1. Report, ordered by the first and then the second residue, all pairs with beta carbons closer than 7 Å, sequence separation of six or more or different chains, a first member in the stretch 46-72 that is under 15 Å from GLU146 (Cα atoms), and a second member that is in a strand (DSSP E or B).
2. Six or more apart or on different chains, Cβ atoms under 9 Å: show the pairs whose first residue is in the stretch 138-160 and under 21 Å from ALA123 (Cα atoms) and whose second is among the aromatic types (Phe, Trp, Tyr).
3. Can you tell me which of ILE107, ILE80, ILE112 is hydrophobic (A, V, I, L, M, F, W, C), within 24 Å of LEU159 (Cα to Cα) and in contact with a Ser or Thr (Cβ under 8 Å, 6 or more places away or on another chain)?
4. What about ARG52, is it crowded, with 19+ Cβ neighbours inside 10 Å and of a type in the set (Lys, Arg)?
5. Could you look through the stretch 83-133, keep only residues that are within 21 Å of GLU146 (Cα to Cα) and small (Gly, Ala, Ser), and pick out the one that is most open to solvent (accessible area, probe 1.4 Å)?
6. Can you tell me which of (1) closer than 24 Å to LYS133 by Cα; (2) open to solvent by 60 Å² or more (accessible area, probe 1.4 Å) is the one ILE63 doesn't meet?
7. Residue check: is ILE80 within 16 Å of SER22 (Cα to Cα), open to solvent by 30 Å² or more (accessible area, probe 1.4 Å) and hydrophobic (A, V, I, L, M, F, W, C)?
8. Among the residues of the stretch 112-127, is any over 12 Å from the mean Cα position of the chain (by Cα), of a type in the set (A, V, I, L, M) and farther than 30 Å from ARG27 by Cβ?
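The values are calculated or read from the model by the stated rules, or taken from the named source; none is laboratory data. Not measured: the values here are computed from a predicted model. Glycine gets a Cβ as well: all are built from the backbone with ideal geometry, and neighbour counts include every protein chain shown. Surface accessibility is based on the protein's heavy atoms, side chains included, excluding ligands, DNA and RNA. Shrake-Rupley method; radii C 1.70, N 1.55, O 1.52, S 1.80 Å.
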Amino acid sequence: MDNSQILKTDFKKGGVMSTAISSVALRVRGYQLDGYGHVNNARYLEFMEEGRWAFFDDHPRLIKQLHEAGRAFVVVNLNIDYRAAAVQNDDLQIMTGMVDVGDRSAICHHRIVRQDGVLVAQADLTFVLLDIKANKAAPIEGDVREVLEGLVVDKGAFLA
């Protein structure tokens, strides 16, 4: 399976996910491990960040609307559920998508799965939009809201 297939295929079921969910494959390296030989908990934040960058790459209209509106994503809360250890040379799939858009914040969901289908971690990341000029949180409205709402998926879509 080449990288392009890995990026859009669920390891566990082999099915194609929603196009609103981005996916990136990563191999666990030795420098990402802690003294117990598994991925250090802080490294999962970096894995999820990689997932969000892939999401932005896959949805250039969102980035365009954010830039035009003078807005930026700012993380305000992250809740992670660690489920299984990942170790050196594990191939992980990091899936990222929007699951809720409110008036002033939205929720991005991450799911990290090992190639054998085991759920390693999942997280809900709440973000606000920063008005870059005013340097304060702004309501989610207009074209940015339209794009975000068009990307919302149910968490069940991460299992398809």
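1. LEU66/ALA72; ARG71/LEU129; ARG71/LEU130; ARG71/ASP131; ARG71/ALA138
2. Note: pairs meeting the criteria are LEU151/PHE55.
3. Numbers: ILE80 fails: in contact with a Ser or Thr (Cβ under 8 Å, 6 or more places away or on another chain); ILE112 fails: in contact with a Ser or Thr (Cβ under 8 Å, 6 or more places away or on another chain).
Just a single option satisfies the conditions, and that option is ILE107.
4. When the stated conditions are applied, ARG52 passes them.
5. Looking at the filtered set, the residue picked out is SER105.
6. (2)
7. In short, no.
8. Scanning the stretch 112-127, I find no residue that is over 12 Å from the mean Cα position of the chain (by Cα), of a type in the set (A, V, I, L, M) and farther than 30 Å from ARG27 by Cβ, so the answer is no.
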